[in-house]
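Every read-out reported here was derived from the displayed coordinates using simple, explicitly stated rules and does not represent laboratory data. The structure presented is a predicted model; accordingly, all values stated were derived computationally and were not measured.
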Amino acid sequence: MRSYIPTGMANSAMQLANSGADVSAIGFLAPVLVFLIVTIVLTALLKKTKILGENIWVSIFISLFIAAIFVAFDSLRELLLSVIPWFAVLLIALFFILILTTFACSDGVPKKFLLWFFLIGIIVVFLVAGIKVFGGSISSYVPGPYYGYNANPQLFLFFDWFYSPQILGAFWLIVAAITVSWVLIKFSGGK
């Protein structure tokens, strides 16, 4: 059995379907969304941690200032816009992990484990997004195939000095000494 659709009706249905697919105008709202997200998150963090004191207006002012910096520089805005979807995926994954541990274990997973898992996940997300956004800018200064290519001469001179075996060895020796000192102090009870 063949259905009959009038030609005029089919054309208007196709035009309606094709006109609804264009959502490129949302891209114009990206700076506004970044400004709002940075302002809201920073204000909440500053209010919760009370780093700047009890005055909410100081926290709002600092948040607005930092949000304006994020909007002013395209690379920071691009970094934040690439981190937000990863962060949402991480939150959803954490939610599912909490649900699974609630059903799978009678006593659940220790809270410290989930905190460290979530913290390491956030660090990985920011590193991946930072490399994605700033990879072209920093590849000239990181040892590899593009080392020194189109690099700023003053910065290249510094990184060439920093990557020398003596300086890099001293840097890692200092990092190891700080780590060992911290571990010894932490596990010896601070005596």
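Would you mind calculating the gained length between SER75 and LEU157 on full extension (0.36 nm times residue separation, minus the Cα-Cα distance), in nm to one decimal? Intermediate values should be presented prior to the final figure.
Details: separation 82, 0.36 × 82 = 29.52 nm, distance 2.45 nm.
Length gained, SER75 through LEU157: 27.1 nm.
Determine the gain in length on full extension of the stretch ALA30-ALA44; use 0.36 nm per residue of separation and subtract their C-alpha separation, reporting nm with one decimal. Please report the intermediate quantities before stating the final value.
Numbers: separation 14, 0.36 × 14 = 5.04 nm, distance 2.10 nm.
Result for the pair: 2.9 nm of gain on full extension.
Over all alpha-carbon pairs of the stretch 149-191, lay out the pair-distance distribution in 5 Å bins, whole %, shortest bin first.
5, 20, 15, 14, 12, 10, 9, 7, 5, 3, 0
Go through the stretch 157-165 residue by residue and turn each phi into a ³J(HN,Hα) via Karplus (6.51, -1.76, 1.60, θ = phi - 60°); whole Hz please, and just put x for glycine and proline.
4, 5, 5, 5, 5, 5, 7, 5, x
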